[in-house]
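Below you'll find the structure, written out as structure tokens, and then a few comments.
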Amino acid sequence: MSRSFVTYIRSLVFNALFYANLTVHMIVALPTLLLPRQILHAFVRSYALTSLWLLRVVCGTKVEWRGVEKLPKTACIIACKHQSAWETFALYAVIDDPTYILKRELMWIPLFGWYMWKEGLIPVDRSAGMAALARMSARARQALAGNRQIVIFPEGTRRLPGAEPSYKPGVLYLYGKADVPCVPMALNSGLYWPRRSLRRLPGTIIVDILDPIAPGLDKNTFSNRLESAIEDATSRLIQEAGISNQASGADS
């Protein structure tokens, strides 16, 4: 039996369990829609942790968190590289009280969208231009006032590992208005959870939490520092994964 066939079967099994896990959590959590948000948050974290466990047990896809001690438990912006759907749930495992900035259309999904509203996630209407940025910033500042951590994907959408970066103005606008530190986050999740694919590949997803960028920098300085930090670290993680895969192949 070929390795690719085994990976395919494991991926199918995982995906079935992954969505079953999501469904069970959403059904059991229904009463939390009428309760304080913190109770729902416990269910979301449980869903993230059990999904990561399923990914490791079924597909052999582990995760290594580096620099977790750099994550503030108070208000901050977390600017994360976006390569797959993995980071849309996995970050709940290590971030104290995150609220994601995400496209508005996700809020329209029945039941799933209700939970996102209850969790205080921040929708963005990408067609609304500067008005959307102003609304996003206002909601983000409310969340920051409650000591939450704002998670934003600076490129706006998933990018293939190694693709040319394409940073959008949203993170710059938010940084300029929020007056809180920004924590860059690099990862290589797209190597193991490819976008637009059902395949889940064995190996180790590495997340590297980098040194916070203090508030108050001018736009160009912040932009250059953020992109350089994320892209340099992401390139290292991709290269490291390639070297690791080659080594494991030589040993087998």
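The values are calculated or read from the model by the stated rules, or taken from the named source; none is laboratory data. Owing to the predicted nature of the structure, the values given are computational and were not obtained by experimental measurement. Reconstructed Cβ throughout: ideal geometry from the backbone, glycine too, with neighbour counts over all protein chains shown.
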### Unmet criterion (only one of (1) at pLDDT below 95; (2) surrounded by 15 or more Cβ atoms within 10 Å (Cβ to Cβ)) for Leu198
(2)
### Query
Can you name the residue in the stretch 173-227 that is in a loop (DSSP other than H, G, I, E, B) and of a type in the set (S, T, N, Q) and, of all such residues, is farthest from the chain's Cα centre (by Cα)?
Ser197
### Summary
Output for Cβ contacts, cut-off 7 Å, separation at least six or different chains, first residue on the phi < 0 side of the Ramachandran plot in the stretch 151-175, second of a type in the set (Ser, Thr, Tyr) and part of a helix (DSSP H, G or I), reads Leu172/Ser223; Tyr173/Ser137; Leu174/Ser137
### Message
What's the total number of residues in the stretch 201-227 that are surrounded by 13 or more Cβ atoms within 10 Å (Cβ to Cβ) and in contact (Cβ under 8 Å) with a residue 60 or more places away in the chain?
### Response
13
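Kindly establish whether Ala134 is part of a helix (DSSP H, G or I) and either at pLDDT below 95 or touching a Ser or Thr at 6+ places or on another chain (Cβ under 7 Å) (or both). Can you show your working first?
Values: part of a helix (DSSP H, G or I): yes; either at pLDDT below 95 or touching a Ser or Thr at 6+ places or on another chain (Cβ under 7 Å) (or both): yes.
Spelling it out, Ala134 is indeed part of a helix (DSSP H, G or I) and either at pLDDT below 95 or touching a Ser or Thr at 6+ places or on another chain (Cβ under 7 Å) (or both).
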### Query
Can you pull out the residues in the stretch 138-160 that are assigned to a helix (DSSP H, G or I), buried (at least 20 other Cβ atoms within 10 Å of the Cβ) and either more than 18 Å from the chain's Cα centre (by Cα) or of a type outside the set (Gly, Ala, Ser) (or both)?
Leu144
### Query
Within the stretch 228-242, is even one residue touching a Cys at 6+ places or on another chain (Cβ under 6 Å), crowded, with 20+ Cβ neighbours inside 10 Å and either assigned to a helix (DSSP H, G or I) or among the polar types (S, T, N, Q) (or both)?
no
### Query
Which condition does Ala163 not pass, out of (1) modelled with pLDDT under 95; (2) part of a loop (DSSP other than H, G, I, E, B); (3) among the aliphatic types (A, V, I, L, M); (4) buried (at least 16 other Cβ atoms within 10 Å of the Cβ), if it passes all the others?
(4)
### Query
Pick from the stretch 57-78 the residues that are more than 16 Å from the chain's Cα centre (by Cα) and of a type in the set (A, V, I, L, M, F, W, C): which of them is farthest from Val6 (Cα to Cα)?
Ala75
### Query
Is there a residue in the stretch 113-120 that is more than 21 Å from Ile39 (Cβ to Cβ) and in contact with a Lys or Arg (Cβ under 7 Å, 6 or more places away or on another chain)?
no
### Failed criterion for Ser244 (all others in (1) closer than 24 Å to Val94 by Cβ; (2) modelled with pLDDT under 95; (3) within 20 Å of the chain's Cα centre (by Cα) hold)
(3)
### Task
Please verify whether the stretch 8-17 includes one or more residues that are not in a helix (DSSP H, G or I) and not polar (S, T, N, Q).
no
